[in-house]
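Single-structure report; data block below.
The values are calculated or read from the model by the stated rules, or taken from the named source; none is laboratory data. Because the structure is a prediction, the values reported are computed rather than measured. Here Cβ is always computed from backbone atoms with ideal geometry, including for glycine, and neighbour counts include all displayed protein chains. Surface areas here come from the heavy atoms of the whole protein model, side chains and all, with no ligands, DNA or RNA. Shrake-Rupley method; radii C 1.70, N 1.55, O 1.52, S 1.80 Å.
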Amino acid sequence: MELFLQVSLEGESVLWGRIPISYLAIFLSGFQRALYRTGEILLDEQDNVAHDVKRIVRRKQLRQLLELDLVGISGRSSSTILSFQRSATALSVRNGSEAIRIFEKALWELEKMQHATDESSFRFDRELLIAWSTVGALFQRGISLITFTLHQSVSPLRVWYTAQGFDVISRHTLTEIEGYVFMVDFKRRRMSLQTSSGESVSCIFTEEQADEIAGMTRNYVRVKGEAVINPASGKMSYVRVHTIEPLSRNKEFWQSRTLDELAMLQGITSETDLKAFYNTWPGEVDDKFERFINSLRKGNLAE
């Protein structure tokens, strides 16, 4: 059976065809999410079914249509290559051309996202952005390039996912928070960050991230992740951690700035020209100031 898709991962952490299981899990999770979301977008308008029901039906159909088998892991001196074939379940579904269209669309959207330099026209589906940013988290784990080769009937489609492209996508997808890790619940896989403003931010992490986070308890960190918004309040409920890195911070992180320092940061300076205050007091001859003072005095006497 011919190969359907090959994915080459290059970098110091995937040399000679060796890839950590956790890295493989990150890639497969994000890539599958990107495919499912692309399929939903393409097929969403074809049925006159309620949206919630349609989404459940579509997800089941897409799971059958897009199922892949990982049939080989090979490599070179600087890379690991994953080889995929369509599964027996996927081949039993008649819409083979539909599956190819979904894979093509997902990869073309990735290509467009990476090269969308005009901020005003950066309009992509948020779920799709999050899916590709999940895959892109590998760039912060020693991977420098991901190459997708889709073997079509005529000629292969090849798309490169770069660290620079990931930066473009993550700027429009992920929230960045710096703070002090003051509490971690490994059972529920949650941690709390206290920012320099005193705000507490709840973050959730995966089982694979637990060891990394364990070494950062009671330390200053920078978290990048997916902000989950409460639709009722419009406020952030929590952050789903994509990456976390330690920061070297000292006591200044918690110290409030003086009024002079705040004024300097805002470009506010004291007035050195006394003439600027001329003709500001006592004001107009009949500015009702005396009348106002007398009314206050009479009010105090009445009490």
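Tabulated results
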| read-out | value |
| --- | --- |
| Selection within region 62-81 - buried (at least 16 other Cβ atoms within 10 Å of the Cβ), of a type outside the set (A, V, I, L, M) and either in contact with a Leu (Cβ under 7 Å, 6 or more places away or on another chain) or without any contact (Cβ under 8 Å) to a residue 60 or more places away in the chain (or both) | E67, S79, T80 |
| Selected residue [open to solvent by 50 Å² or more (accessible area, probe 1.4 Å) and under 15 Å from the mean Cα position of the chain (by Cα)] from I244, I204, I229 | I229 |
| Of all residues making up region 207-226, the number that are of a type outside the set (D, E), open to solvent by 30 Å² or more (accessible area, probe 1.4 Å) and free of Cβ contacts under 8 Å to residues at least 40 places away in the same chain | 5 |
| Residues of region 155-176 satisfying the condition of being modelled with pLDDT under 90 and either over 27 Å from A106 (Cα atoms) or in a strand (DSSP E or B) (or both) | T175, E176 |
| Residue selected from region 145-154 under the condition over 21 Å from the mean Cα position of the chain (by Cα) and either open to solvent by less than 40 Å² (accessible area, probe 1.4 Å) or at pLDDT 95 or above (or both), by the criterion farthest from F84 (Cα to Cα) | T147 |
| Candidate set: region 94-122, residues that are in a loop (DSSP other than H, G, I, E, B) and open to solvent by 40 Å² or more (accessible area, probe 1.4 Å); chosen: the one modelled with the highest pLDDT | H115 |
| Selected residue [in contact with a Gly (Cβ under 7 Å, 6 or more places away or on another chain) and among the hydroxyl-bearing types (S, T, Y)] from S197, S170, S202 | S170 |
| Qualifying residue in region 159-172 (condition: of a type outside the set (A, V, I, L, M, F, W, C), open to solvent by 50 Å² or more (accessible area, probe 1.4 Å) and under 25 Å from S248 (Cα atoms)) | yes |
| Residue in region 173-186 that is under 30 Å from F84 (Cα atoms) and not aromatic (F, W, Y) present | yes |
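Yes/no per residue for (1) exposed (fewer than 13 other Cβ atoms within 10 Å of the Cβ); (2) modelled with pLDDT of 85 or more; (3) in contact with a His (Cβ under 9 Å, 6 or more places away or on another chain):
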| site | (1), (2), (3) |
| --- | --- |
| L3 | no, yes, yes |
| G11 | no, yes, no |
| R18 | yes, yes, no |
| Q32 | no, yes, no |
| E40 | no, yes, no |
| E45 | yes, no, no |
| D52 | yes, no, no |
